[in-house]
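K.L.:
Okay, handing you the structure first.
The values are calculated or read from the model by the stated rules, or taken from the named source; none is laboratory data. Being a predicted model, the structure only gives us computed values, none of them experimental. Here the Cβ positions follow ideal geometry from the backbone for every residue, glycine too, while neighbour counts run over all protein chains shown.
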Amino acid sequence: MLVIAYVTEDMLVDRIMQREAHAMAAQFQQHGTPGNPANDLIRAYASLDALPPPVRDTVVAGRLRAEIFTDTGQHYHVRTLDLQARSGTQRLYLLADVGPLLIVSKLIREVGGVLTAVAVGLIGLALLLAYLLSRRLVQPLQVLADEVRTTRPGEHILFTAQQRRDEIGYLAQKLGSTIAELHAALAREHAFTRDVSHELRTPLTVMKNVFVKAGTHALDQQETAQLQAGVEEIDNTIDVLFALARAEHIADARFDLRGCIENGLLRVVDENWTDERLVLDLPERLDVMGNRHLAMLLLNNCLGNALFHGGPGSRLRLSFVEGRLSLLNSLDPARAGTMQGFLHGQNLLRRIAAAMRWQLDFHAGATAYRVDIVPRRAP
């Protein structure tokens, strides 16, 4: 605003002097004499020496129009006017002391301190607002960066910015879900490599020992059964490992668990099983929530272990009471040595149950072995 006021004052003074110059030129054309300026603030000088020293120095320097400030407080505007006469050109110098017209300068002297203080205050307020605004925008990002930097695999990821309802909150939510998915993938990969080396070691060791014995004598029926059981166990273990590795992409749905149990029994039992050896105490339909493929792997492993370690004359009872599916099989004390392979698969079975958010418990006894499965009931 001050700049506009200064420019307006200069334009006003310049317009006044321009009008006086035109009026004096017209007077000179009509009467041969320029006359005196009509405005009392403007004086005409015919001689350069008559000008005040600051103005004379400016004109001598070649400036035909100028605005001159002096140390004594005068504020001059000078304009050189050349009038054409028969005898030649007559030069006049129009000089205006425009000090009385400078409202802005007087205003600055009177209220300049207040205006300066207000300007400084506004600048300070703007800087403060800019700092607070930048801090409000940058600080949540800094906190989010620190939380991401300190996140460890396996920890529950919950960023403080996830509660915000703006772009930073959306970024925190997406970043948290992405990191959680990455940690889950790394955990599955680590578990897969660990289980491949651990879960397959026991059946491979049993099979290796059987093959060592085969170098000295022909395999008997029990050793052949051990080889067959080892191959089946490796096959089942590989199926379970790949199923768990793909657990993230396996859909969770409602299905009939009794149907899975019946399908599993059809695979392992034969015509030698009587009602005394196989007892089913199950409801007509058992709707649960989970994954049918993982449930079939879990049941097949439990049933296969029960029949293999129970022996040819073992008895098997399946019951469902108060939301708990129990698989109880009798044990032959003469086959106690074959129980070494029964416990090593529990880790895989627990992981299958955990993938479906089911509970799984094992209860080993001298004459019986029981597996309790608590599935998620369908609504």
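K.L.:
Let me spell it out: the conditions are (1) in a helix (DSSP H, G or I); (2) aromatic (Phe, Trp, Tyr); (3) touching a residue at least 12 places away in the same chain (Cβ under 8 Å), and residue 255 meets all of them except one. Which number is the exception?
P.N.:
For residue 255, the failing item is (1).
Each row is one residue, and each column tells you yes or no for (1) of a type outside the set (Gly, Ala, Ser); (2) at pLDDT 85 or above; (3) not assigned by TED's automatic domain parsing to the domain that holds residue 354.
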| position | (1), (2), (3) |
| --- | --- |
| 233 | yes, no, yes |
| 268 | yes, no, no |
| 280 | yes, yes, no |
| 319 | no, yes, no |
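K.L.:
For segment 259-291, which positions are surrounded by fewer than 19 Cβ atoms within 10 Å (Cβ to Cβ), touching a residue at least 24 places away in the same chain (Cβ under 8 Å) and part of a helix (DSSP H, G or I)?
P.N.:
The answer is 263, 265, 267, 268.
K.L.:
Could you tell me whether residue 245 is within 30 Å of residue 187 (Cβ to Cβ) and free of Cβ contacts under 8 Å to residues at least 60 places away in the same chain?
P.N.:
Here the answer is yes, as residue 245 does meet what is asked.
K.L.:
With the condition kept exactly as written, say whether any residue in segment 179-196 is surrounded by 14 or more Cβ atoms within 10 Å (Cβ to Cβ), modelled with pLDDT under 75, touching a helix residue (DSSP H, G or I) at 6+ places or on another chain (Cβ under 6 Å) and closer than 27 Å to residue 311 by Cβ.
P.N.:
no
K.L.:
Regarding residue 117, is this residue assigned by TED's automatic domain parsing to the domain that holds residue 177, surrounded by 10 or more Cβ atoms within 10 Å (Cβ to Cβ) and assigned to a helix (DSSP H, G or I)? Lay out the reasoning, then the answer.
P.N.:
On the way: assigned by TED's automatic domain parsing to the domain that holds residue 177: no; surrounded by 10 or more Cβ atoms within 10 Å (Cβ to Cβ): yes; assigned to a helix (DSSP H, G or I): yes.
Criteria not met by residue 117.
K.L.:
While we're looking at this one, here's another question. So residue 245 fits all but one of (1) modelled with pLDDT of 80 or more; (2) over 29 Å from residue 225 (Cα atoms); what number is the exception?
P.N.:
Of everything listed in (1) modelled with pLDDT of 80 or more; (2) over 29 Å from residue 225 (Cα atoms), residue 245 misses just condition (1).
K.L.:
Between residues in segment 34-54 that are aliphatic (A, V, I, L, M) and residues that are part of a loop (DSSP other than H, G, I, E, B), which pairs lie under 6 Å by C-beta distance while being six or more apart or on different chains?
P.N.:
Going by the 6 Å Cβ cut-off, the qualifying pairs are 44/37.
K.L.:
Answer yes if at least one residue in segment 161-173 is within 30 Å of residue 243 (Cα to Cα) and not hydrophobic (A, V, I, L, M, F, W, C), and no otherwise.
P.N.:
Residues of segment 161-173 that are within 30 Å of residue 243 (Cα to Cα), as a first pass: 173.
Then keep just the ones that are not hydrophobic (A, V, I, L, M, F, W, C); that gives 173.
Taking every residue of segment 161-173 in turn, at least one turns out to be within 30 Å of residue 243 (Cα to Cα) and not hydrophobic (A, V, I, L, M, F, W, C).
K.L.:
Still on this structure: I need the full set of residues from segment 138-151 which are touching a helix residue (DSSP H, G or I) at 6+ places or on another chain (Cβ under 9 Å) and assigned to a loop (DSSP other than H, G, I, E, B), in order please.
P.N.:
Across segment 138-151, the qualifying residue is only 151.
K.L.:
Continuing with the same structure: Test of understanding: among 224, 274, 216, 202, which residue is modelled with pLDDT of 75 or more and hydroxyl-bearing (Ser, Thr, Tyr)? Outline the logic, then answer.
P.N.:
Details: 274 fails: modelled with pLDDT of 75 or more; 216 fails: modelled with pLDDT of 75 or more; 202 fails: modelled with pLDDT of 75 or more.
Only one candidate passes the filter, namely 224.
K.L.:
Looking only at segment 51-62, how many residues end up being in a loop (DSSP other than H, G, I, E, B), of a type outside the set (A, V, I, L, M, F, W, C) and surrounded by 14 or more Cβ atoms within 10 Å (Cβ to Cβ)? It would help to see each step written out before you state the result.
P.N.:
The first filter runs over segment 51-62 and keeps only residues in a loop (DSSP other than H, G, I, E, B), leaving 51-52, 61-62.
Adding the requirement that they be of a type outside the set (A, V, I, L, M, F, W, C) leaves 52, 62.
Among the residues that remain, those that are also surrounded by 14 or more Cβ atoms within 10 Å (Cβ to Cβ) are: 52.
Qualifying residue count for the region: 1.
K.L.:
Another question, if that's okay. Is it true that residue 93 is aromatic (Phe, Trp, Tyr), modelled with pLDDT of 80 or more, surrounded by 11 or more Cβ atoms within 10 Å (Cβ to Cβ) and more than 19 Å from the chain's Cα centre (by Cα)? Break it down stepwise before answering.
P.N.:
Details: aromatic (Phe, Trp, Tyr): yes; modelled with pLDDT of 80 or more: yes; surrounded by 11 or more Cβ atoms within 10 Å (Cβ to Cβ): yes; more than 19 Å from the chain's Cα centre (by Cα): yes.
When the stated conditions are applied, residue 93 passes them.
K.L.:
May I pose another question? Collect the residues in segment 274-327 that are under 15 Å from residue 258 (Cβ atoms) and of a type in the set (Phe, Trp, Tyr), keeping them in residue-number order.
P.N.:
320
K.L.:
Moving to a separate point now. Every residue in segment 362-372 that is surrounded by fewer than 20 Cβ atoms within 10 Å (Cβ to Cβ) and touching a residue at least 12 places away in the same chain (Cβ under 8 Å), please. Break it down stepwise before answering.
P.N.:
Initial filter on segment 362-372 (surrounded by fewer than 20 Cβ atoms within 10 Å (Cβ to Cβ)): 362-368, 370, 372.
Listed by number, the residues that qualify are 362, 364, 365, 366, 367, 368, 370, 372.
K.L.:
Would you check which residues across segment 192-236 are small (Gly, Ala, Ser) and either assigned to a helix (DSSP H, G or I) or in contact with a strand residue (DSSP E or B) (Cβ under 7 Å, 6 or more places away or on another chain) (or both) and list them? Let's see the steps before the verdict.
P.N.:
First, the residues of segment 192-236 that are small (Gly, Ala, Ser): 197, 214-215, 218, 225, 229-230.
Scanning segment 192-236 gives 197, 214, 225, 229, 230.
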